[in-house]
1. Of all alpha-carbon pairs in chain A, indicate the percentage at a distance above 16 angstrom.
2. Take a quick pass over the protein assembly as shown and tell me how many lysine pairs come in under 27 angstrom between Cα atoms, counting only ones 8 or more apart or on separate chains.
3. If all Cα-Cα distances of region B:57-181 are sorted into 10 Å bins from 0 onward, what percent lands in each bin, rounded to whole numbers?
4. Under 4.7 Å Cβ to Cβ, no partner at all: give me those cysteines from chain B, in residue order.
5. Select from B:Val176, B:Val113, B:Val165 the residue whose mean-square fluctuation is largest in a Gaussian network model of chain B (Cα-Cα springs shorter than 10 Å).
6. Return the long-range amide H neighbours of A:Arg42 (sequence gap of 5 or more, or a different chain), with a cut-off of under 5 Å between placed amide H atoms.
7. Before rounding to the nearest 500, sum -39500 (n - 2.57) across all DSSP H runs of length at least 4 in the protein assembly as shown and divide by the residue total; then give [θ] at 222 nm in deg cm²/dmol.
8. Name the residues whose placed amide hydrogens come within less than 5 Å of the amide hydrogen of B:His110, ignoring near sequence neighbours (fewer than 5 apart) on the same chain.
Amino acid sequence: MSIDAVTPCFHVGDRVTVREAFAPGHIRTPWYVRGHAGTVERLCGVFGNPEELAYGRSGLPRQPLYRVRFTQRDLWPDYAGQANDTIEIEIYQHWLEAAGNRP
Amino acid sequence: MSSYRRYGLFDLRGAGRGDAGPNEYYQVMEIALRELLIERNIFSADDVRRQVEAMDGRNAGIGARMVAKAWLDVDYKTRALANGSAAAQEIGIEVGPTKLIVLENTESVHNLVVCTLCSCYPRMLLGLPPDWYKSKSYRSRAVREPRAVLSEFGTEIDHHVEVRVHDSTADMRYLVMPLRPEGTESYDEVELATLVTRDSMIGVALAADPSSSRQGG
């Protein structure tokens, strides 16, 4: 296998769901967004996978990194701010699936 | 091995610990690793010293210069919003391998930056992060109740303005471009930069009020 980078499969505006996984080790996907749906704001590029790099491995294939926008009230049902407040987070593609396709 | 007390980077950086007390666990680990890397000629002690000196030499004035230029030059602002790293390099700011995203505050959006996982921070533009930025309290509350956190910083964001939090979790770094204060139409770039505070570029504050800032000289 010599695939250097995974091909991006989401586009700006796509609805995506963060995988509800709880893998051990070094992970850059915060707990509070797992299982929640958001919207792709931009593709940041492809980067070595930090979950591999953290252990001295190659980080290949590189993973597409997105900025995903969530509505605060979707993340925190008792959110005290305004209804249109949002949060944006960088999430790697292997943590995302198309919204609506959750098992 | 010599018997003199070895210095952790925090001592070298003069970050307030001074010579008080024995080295803590992570300082001992840092010293051991650094000495090994020097022994193996991966880098030299002078390389470390120069890097620390460079880190300490950076401050929020660098980011302020970028924001002030963007306030004055619409084309530059457009480039900065499209590609923050390239726009920083364009005015001679060394950004390194991380990618910079510039977030523009507008009449309808106020941006706030946090790193919930650790303390990612645009050091190349703002210098070392303040202690509160690294605190668990800020890191957990900024995403959960940003308006309450802003209020504690003395920053009230109007109800019709969207508060947009940016959790800096991976390979991007974020710089907030605050709204240009009113009454600054005649200001040049240097004068404008004095209004662009560190906290306004993290998003916990607005740009300084020109009337009070000028008094402070």
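1. On the way: 3087 of 5253 pairs.
Every Cα pair in chain A considered, those over 16 Å come to 59 percent.
2. 5
3. 13, 44, 36, 8
4. Result for chain B is B:Cys118, no neighbouring Cys Cβ within the cutoff.
5. B:Val165
6. The list, which skips near neighbours in sequence, is A:Arg67.
7. Values: 15 runs with 110 residues, N = 320.
Helices in the protein assembly as shown give a 222 nm mean residue ellipticity of -9000 deg cm²/dmol.
8. Hits under the 5 Å cutoff: B:Glu162, B:Val163, B:Arg164.
Taken together, the values in this text are just the output of simple stated rules run on the coordinates, not laboratory data. Worth saying up front: this structure is predicted, and the values here are computed from it rather than measured. Note: ideal-geometry Cβ built from the backbone for every residue, glycine included; neighbour counts use all protein chains shown.
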